[in-house]
Structures are given as structure tokens and as C-alpha cells.
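Below is one structure, written out as C-alpha cells; the observations come after it.
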Amino acid sequence: MNLAIALTAARYGAATANYTEVLRLLKRTEPGSGKQRVCGARCRDVLTGQEFDVKAKCVINATGPFTDSVRKMDDQEVPNICQPSAGVHIVMPGYYSPDNMGLLDPATSDGRVIFFLPWEKMTIAGTTDSPTDVTSHPIPTEEDINFILSEVRNYLSVDVEVRRGDVLAAWSGIRPLVTDPNSKDTQSICRNHVVAVSDSGLVTIAGGKWTTYRAMAQDTIDAAIQAHNLPAGSSKTIGLLLQGAEDWSPTLYIRLVQDYGLESEVAQHLASTYGDKAFEVAKIAQVTGKRWPIVGKRLVSEFPYIEAEVIYGVKEYARTAVDIVSRRTRLAFLNVQAAEEALPRIVDIMGKELNWNEQKKKEELEAARKFLYYEMGYKVKSDQLTDSSEITLVPSDIERYKKRFHMFDKDKKGFITILDVQRVLEVKQNLKGQTLHKPFVLNVQNAGNINQQQYLLQIHHFTCIIFDRTGPGTWGSEPHLRKFSPAVN
């Protein structure tokens, strides 16, 4: 939505710039009155470090949770109106919700709202609501994730086991809740948006939500016109089609399949994401070399995102690998491991489009991995696997898994390694009833082996055999987990 709005604005003549920060506001002295009036901003390109001035008759502050930092550039003494609140969301497999049905409960065990909804063939669940500091890089916590999981359990059948290992991605967003500076009661939260004009003419729009963005924009522009005596007619945005909407139809994806030889799933994704601009993506899609599909190489096999979207994303202002996995596709939000697997190819494609050298490609890869690790839930998933973690398996399960641990540890070493796993996998058809209904996990942070306590912890938390092997006979310590095999049957 954000990108569609920016592209539509550019189509109508707006000058747009991403990765740009405001360093300070520019002011001029008004003749006659001697008042200071805001007349622009000193900006910096955060990718190149280049600084430049933007002059304007009116400056609008629409910076979400950063509202107060810009207001204080105008007046250091102005009181804060933004009360940032952190909201964590998690993504789980699609079977946690019906395809066309969601649930929202505004009265949970502690009064917060909980919902889970079908989204991109997955289930999105949330949310928490807690005070937070303003940051560009909010991080989900294990406490928040467990709160959501605990609440979700209350709405599912008792025979459905809600597992921590089913959390495919997790992230935290900051809601810019605001108090109304124009109200006598400056302490109460305003649930709608607020428009305010400072003595120096800075127009601030704060609060609100995505679903009312057009009304928020109209109210803001109306206030700017009135405060600065700007010549303008009535609003023209009611019914305005955003980028890609003009020639879109529910059956557009069929033309993509017929005209370009795309998979139906990929075609539906492109049509719903890019609208009538999907044809531009299809035109640059690579030939697969297969009988079908003819074009459209996927970035990862289980998701409909294709390599051509990386190239097209660069044309639509994408400048980092994080832009692609989180802001041009939704891969990081749907499955953080799949996003990590796709990163090397994404970086290679972007490197060719943006003329990156090998050092720059390495930096982009590391920056994107860091983003996935801290901001998309990779870290909290690996942090829970410690010797001090609580095991909540029932005693009978613990005894059963201890026996299975000893089955892997045939040599009675006190720990098991990848070689033990491989041996059992090779002979599992001869186990004669020793079926492993629960999965087995190797911890990548434990030098290639795990003891019985760690085995029980990981049985409790995860759903598949995973490891990160960096070379023949060795194990890496980097906490980026990789799928190895489904549960041993």
C-alpha cells in the first residue's frame, strides 16, 4: 500500500525519495511580524551520506512514531503527543485458520485484543500492546510471542496442539498512539488521527491507521491550505485508482498464464500484488528451461515469488536486500527461514542491477541476515534452546523420549551427533514399531552434538530435524537454522 501510494503520487508529479532523513527544519523570518516560519528541511541520503535542502511553502510532518522528534526540531519546548506502543504479530501455518474466516476477540485474559486471520495461505496472529521506545528496528520478544500462542490456544479445539515451533516469523511494529494537543484533556489517547499546526506553520498529522489513510491525507492537506493560504481546488482523491488498478480484473491472472506461460499460483500472486503492472514483471521473467512453467523462476520453491520481481523491485526504488524480502515481497513475514535461503540469489540479482562489487554484496547479505535474525524472529527462536529453559512435557512423554534418545545414542556417549541421526534414518524401516511421532532436533550452537536435556528441550519446541553444517564433519555455530528432514517416521 505504501509503495502504491508513492508510485501514484509520482505519476501525478510528486518528487519522491526513500532512504532520506530530516536533519533539521529550515526557517525564515516573516517580514513585518518578525515571526519564524518553517520553509523547508535539511535532508540526508542515508545510503550515500549526501545532504541537501528541500524548500517548501509548507512542511507536513507525517512521520508516525517519530512525530515528536520532528516537532521538537520546530520547537524544543513542545510537549510530546505521541505515546508509542509495540504490537507483536506472528505467522503460523495456514491450517490454524479456515481459508475465508478469521477471529477477533477484544477482551482477552488481560484486556488486550487478539486475532488470527488467514493471510497469504498462512495464519497471522496478534497482537500485543505495550509501551515502547521509538526505534527504527523494533524487535519481538519471546514473552510477547508466548502471550499470543497462549491466547490462540483458547480458541482452538483441544486436540489441536499449538506449538512454539509452528511460529514461522515474528515481528514487532510501533503504533503511534497520540494525545490531541488541541484538546483540554491532553492525557487521554485519541483513537483517531490528529492534525495540528504549530505557530511556525509546521503541519503535523499523527495517529490514525492505514484503513483511513485517504481521509487523513485530505484533512491534512485541507489544514495546510488553510494555514498557508495555498491555492487549491477540492480534493480529487475520492475514487482515485492507485498504481496498477486501472486495468485490473479478477481474471487478469489467466492472461498471464496464457500469454506468458506462468504457473497459475505465480500468476495469481503477480496479479494481486502488481495489478495491471503484473505484465511488466512477466515480460522480464526468465525462461525456466522446463516444459512448464515456461517462465518464472521461483526464489524459493514453496512461495510464488519469482526472480523477475527482484529486478522489477529495483525499478520501483528497492535499494537493499531487506527491501526485497520485506517491502517488495512478504517472504520475511511468511517464513524467516525461506527468506534466509533466498537471500544469496536476491543479492546476486540486485548486484547486477545496481552494479554492486563483491564487498557491497557481502555487506548486503550480512545486513539482511541481521534483519531476519533480530527483527523477524530468528533470534528468539534460537534463544529459547538453553539448558535453563523449562521443559513442560508430561512425565510419560519425558520417559518415552529418553528411551528414544538412548536409541540414537547406541554407543552410550551421553550425547548424539549427526552420524547417529544418519544411522537411525538408514535403518528406520527396521525399527519394528519404534515409530517416532515427535521430531528430533540438533542444536546448531552446540558444537555438533546435544545431550539428553537439550534433546528434551528441542523436542518440546521444534517440529523438524534441523542443523547447519558448514563443512565435512563440522558444525557451524551461526544461529541460522536450516531444515534437514521431516520428522522420522
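The values are calculated or read from the model by the stated rules, or taken from the named source; none is laboratory data. In this text the structure is predicted, and so the values were computed from the model without any measurement. Positions of Cβ are generated from backbone atoms using ideal geometry, with glycine treated the same way; all protein chains shown enter the neighbour counts. Accessible surface is based on the protein model in full, side chains and every heavy atom, while ligands, DNA and RNA are left aside. Shrake-Rupley method; radii C 1.70, N 1.55, O 1.52, S 1.80 Å.
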**Prompt:** Name the residues in the stretch 275-325 that are crowded, with 16+ Cβ neighbours inside 10 Å, among the small types (Gly, Ala, Ser) and more than 20 Å from the chain's Cα centre (by Cα), would you?
**Reply:** Gly275, Ala278, Ala282, Ala285, Gly296, Ala308
**Prompt:** Any idea which residue in the stretch 1-21 is surrounded by the fewest Cβ atoms within 10 Å (Cβ to Cβ), counting only those that are of a type in the set (S, T, N, Q) and in a loop (DSSP other than H, G, I, E, B)?
**Reply:** Thr16
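Any chance the stretch 216-227 includes a residue that's assigned to a loop (DSSP other than H, G, I, E, B) and open to solvent by 50 Å² or more (accessible area, probe 1.4 Å)?
no
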**Message:** Looking at Met92, Met101, can you tell me which residue is open to solvent by less than 60 Å² (accessible area, probe 1.4 Å) and at negative phi?
**Reply:** Met92
**Request:** Within the stretch 41-89, track down each residue that is over 23 Å from Asp219 (Cα atoms), open to solvent by less than 30 Å² (accessible area, probe 1.4 Å) and either among the β-branched types (Val, Ile, Thr) or without any contact (Cβ under 8 Å) to a residue 24 or more places away in the chain (or both).
**Result:** Val88
**Prompt:** (1) hydroxyl-bearing (Ser, Thr, Tyr); (2) touching a strand residue (DSSP E or B) at 6+ places or on another chain (Cβ under 9 Å); (3) surrounded by fewer than 17 Cβ atoms within 10 Å (Cβ to Cβ); (4) farther than 26 Å from Asp68 by Cα: which one isn't true of Ser109, the others all being true?
**Reply:** (2)
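If a residue counts only when it is within 24 Å of Lys361 (Cα to Cα) and outside the structural domain of Thr123 (by the TED database), which helices (runs of 4 or more DSSP H) contained entirely in the stretch 276-335 have at least 2 such residues? Don't jump to the end; show me each part of the working.
Numbers: elements: 278-283, 307-315, 331-334.
The helices (runs of 4 or more DSSP H) meeting that bar are 307-315, 331-334.
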**Asked** Looking at this structure, is Ala267 over 19 Å from Leu354 (Cα atoms) and surrounded by 24 or more Cβ atoms within 10 Å (Cβ to Cβ)?
**Response** yes
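Quick check on this structure: which one of Asp110, Asp133, Asp144, Asp99 is in a loop (DSSP other than H, G, I, E, B) and in contact (Cβ under 8 Å) with a residue 40 or more places away in the chain?
Asp133
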**Item:** Qualifying positions in the stretch 368-403 - surrounded by 13 or more Cβ atoms within 10 Å (Cβ to Cβ), out of contact with any helix residue (DSSP H, G or I) (no Cβ under 7 Å at 6 or more places or on another chain) and modelled with pLDDT of 75 or more
**Value:** Lys370, Tyr374, Glu375, Arg400
**Prompt:** Does Asp247 qualify as being surrounded by 15 or more Cβ atoms within 10 Å (Cβ to Cβ) and either assigned to a loop (DSSP other than H, G, I, E, B) or on the phi < 0 side of the Ramachandran plot (or both)?
**Reply:** no
**Fill in**
Counting only residues that are buried (at least 18 other Cβ atoms within 10 Å of the Cβ) and either within 19 Å of the chain's Cα centre (by Cα) or not assigned by the TED database to the domain that holds Met92 (or both), the stretch 148-162 contains a total of 1
**Asked** Are there any pairs, at least 6 apart or on different chains, whose C-beta atoms fall under 8 Å, with the first in the stretch 205-231 and in the same structural domain as Ile5 (by the TED database) and the second assigned to a helix (DSSP H, G or I) and among the polar types (S, T, N, Q), and if so, which?
**Response** Ile205/Thr220; Ala206/Thr67
**Message:** Could you tell me how many of the residues in the stretch 22-77 are of a type in the set (D, E, K, R) and either outside the structural domain of Met216 (by the TED database) or assigned to a loop (DSSP other than H, G, I, E, B) (or both)?
**Reply:** 5
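For the stretch 78-88, enumerate the residues that are part of a loop (DSSP other than H, G, I, E, B) and among the aliphatic types (A, V, I, L, M).
Residues satisfying the conditions are Val78, Ile81.
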**Complete:** Note on Gly207: of the conditions (1) open to solvent by 50 Å² or more (accessible area, probe 1.4 Å); (2) in contact with a strand residue (DSSP E or B) (Cβ under 7 Å, 6 or more places away or on another chain); (3) modelled with pLDDT of 90 or more, unmet is (1)
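So in the stretch 349-367, with the set limited to residues that are in a helix (DSSP H, G or I) and open to solvent by less than 60 Å² (accessible area, probe 1.4 Å), which one is nearest to Gln286 (Cα to Cα)?
Ile349
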